[in-house]
Structures are given as C-alpha cells and as structure tokens.
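Just so you know, all these numbers are worked out from the coordinates, no wet-lab data involved. Quick caveat: nothing in here was measured; it's all calculated off a predicted structure. Positions of Cβ are generated from backbone atoms using ideal geometry, with glycine treated the same way; all protein chains shown enter the neighbour counts.
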Amino acid sequence: MSPVKVFGSAPFTNVARVLLCLEEVGAEYEIVDVDFHAREHKGPDHLARNPFGQVPAFQDGDLMLVESRAICRYILRKHRSTDQANLLREGNPEESAVVDAWLYVEALQYDPAVHAVFVQHSVVPALGGEPDERVIAESVAQLKETLAVYEARLGTRSYLAGDEVSLADLSHFPYTRYFMEMPYAAAVFGAYPRVTAWWERLLCRPSVRKVASMMGRDSG
Ligand code: GS8
C-alpha cells in the first residue's frame, strides 16, 4: 500500500501537528510541498485537496481530509493497534470525552491567543509591517489566563487529560515550540512551574524531537 501523503511542509504549525501523530504511530508517510511563494495553495490542484486553500491536506488512498486535528484523530484511530492508540483513549467513553474536551480547549482557547502573538511577532515584521503591541499584550494576557487553568489542572495529573499523554497535549506542541523562542515565553511559562514541567515532558518524546527538528523556524 502506498504511504499516506501530507500536503504542506513541516514549518507550518498545522502540518507539524499531523506529522507528530504520524511519528507517534510510526506510520510511513510522504510530504508533498505546496509552494506558497508561487501561491500553489490557492491553485486548482491544491484547492481540489483543500477547498480553503490551506495546508495541511491529507490523502490516504481515496480519502482526502482537511483540518489537522481531524486528520490526527483519523491517524490515531487507523493505527489503534499500536500503543499510541491510547492518545485518544478510545474504548473508554469518559476518558475519550476528556481528551476531546482538552483538544477543544487547545483549538479554541490556546491556539487563537498563541497564533495572534505569532502573527504579530513573526509574520507582520517579515512582511515589512509594524507589530501591533496592543494585540500582543492582550493575547499574552489571554494565554496567561488559559495557562493558569492548566497549572491548576496539572496539580492533580501529569497531562491535561490524565496521567498519560494524549492528543490534547501533543496538539499544543507546534505553536508552543515557536512561542518558546519569543521574548514573552519566560514571563508566561515562568509563572507556571507545572506547565513548564509538562512542556519539558512533551519535549522528551522522540516524535516531538523529530518534528521539532523538521520544523526549523521559518513559518507558522
Ligand atoms: C488551519 C489550517 C491553516 O490555517 C487546520 O488544519 O487545523 N484549522 C486548520 N493553515 C495555514 C498554514 S499553518 O499555520 C495556511 O494554510 N494558511 C494559508 C491561508 O490561510 O491562506
């Protein structure tokens, strides 16, 4: 069977999330670059894969998927015979619901704030603009509020959805990796020792190390 294809490249955070799951389950995969400079992501071939003109797109035979978190769930379900099936806690309705809840927290609370900081700090200057310091300050404050909740939660468990790592934790990796290189990281994460320890535990995973090196530090 031919390996699955991931359209987009590792420095893009939403692509990196998918690569992380593929690495966790040890799946074979092929990365197909989409040339953003040539606006290939808005061209007809890529729009047929992802009608939003975004990366990632994911192909497994006849199945074409968009949305990185949905792709991750598919990958983990498909490989549920591996140890990493536990990343979704499938088979246990209560535990899998908790993973889902914290995956939504990552997508709907953490991601918008960290994304806004990333855009202002890295993307706007790269395009020749001036970062909006007000947006940065508001987003950093929002991140702190979210991480205060994580800090409390991590007081009674090692990971967001229990004592073992889940997709909810891993899904934080791509943007956090970039955020940790920004000047705001020390003030935000430094205030939360359990969150910092949680992040360090994530960094010990071979999948995380591998994708971190694939990401480099170019895009988002
Ligand atoms: C977001 C994809 C996305 O924003 C997902 O897959 O999780 N919710 C989707 N992709 C970005 C690059 S990754 O930061 C992208 O393709 N942007 C180009 C554009 O929107 O035109």
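What are the GluC sites (Glu not before Pro) within region 114-220 that DSSP puts in a loop, where the Cβ has at most 16 other Cβ atoms within 10 Å?
Here the sparse-neighbourhood loop sites are GLU164, GLU181.
Mean residue ellipticity at 222 nm from the helices of the chain, using -39,500 (n - 2.57) per DSSP H segment of n ≥ 4 over the full residue count, to the nearest 500 deg cm²/dmol?
Theoretical 222 nm ellipticity from helices: -14500 deg cm²/dmol.
I'd like the FRET efficiency for ALA70 and GLU40, computed as 1/(1 + (r/R0)^6) with the beta carbon distance as r and R0 of 25 Å, rounded to 0.05.
About 0.65, to the nearest 0.05.
Only sites in a loop by DSSP and with at most 14 other Cβ atoms within 10 Å count here; which chymotrypsin sites (Phe, Trp or Tyr not before Pro) in region 1-95 make the cut?
For chymotrypsin sites (Phe, Trp or Tyr not before Pro) across region 1-95 that sit outside H, G, I, E and B with at most 14 neighbouring Cβ atoms in 10 Å, the list reads PHE36, PHE52.
According to a simple spin-label model (label point 7 Å from Cα along Cα-to-Cβ), what is the distance in nm between VAL124 and ARG80?
4.5 nm
Which cross-chain or sequence-distant (5 or more) residues have an amide H under 5 Å from the amide H of SER9, H modelled 1.01 Å from N in plane?
Amide H to amide H, under 5 Å and 5 or more residues apart or across chains, SER9 pairs with VAL34.
Roughly how many Å is it from the Cα centre of region 48-96 to that of region 1-33, as a whole number?
First find each Cα centre; the distance between them is then 11 Å.
Under 15 Å Cα to Cα from LYS144, which aspartates and glutamates show up? Leave out anything in the same chain fewer than 8 places away.
GLU106, ASP111
List the aspartates and glutamates whose alpha-carbon lies under 18 Å from that of LYS42, not counting same-chain residues fewer than 8 positions away?
Excluding near neighbours in sequence, the set is ASP33, GLU67.
Take every DSSP beta bridge whose two residues both sit in the chain, then give the antiparallel share in percent to the nearest 5.
If I count the DSSP bridges inside the chain, around 65 percent turn out antiparallel.
Find, among the GluC sites (Glu not before Pro) in region 53-115, those assigned to loop by DSSP (not H, G, I, E, B) with at most 16 other beta-carbon atoms within 10 angstrom.
Within region 53-115, the qualifying GluC sites (Glu not before Pro) (loop, at most 16 other Cβ atoms within 10 Å) are GLU90.
Looking at region 151-220, what % of the alpha carbon pairs are farther apart than 21 Å?
Pairs farther apart than 21 Å: 25 percent.
Tell me, for the chain, which Cys residues have no other cysteine's C-beta sitting closer than 4.7 Å.
Lacking a cysteine Cβ partner under 4.7 Å: CYS204.
Viscosity 0.890 mPa s, temperature 25 °C: give me the Stokes-Einstein translational D for the chain in µm²/s, with Rh taken as the Kirkwood radius over C-alpha pairs.
Rounded to a whole number, D works out at 136 µm²/s.
Kirkwood Rh over Cα pairs of region 89-209 into Stokes-Einstein at 37 °C, 0.692 mPa s: D in µm²/s?
219 µm²/s
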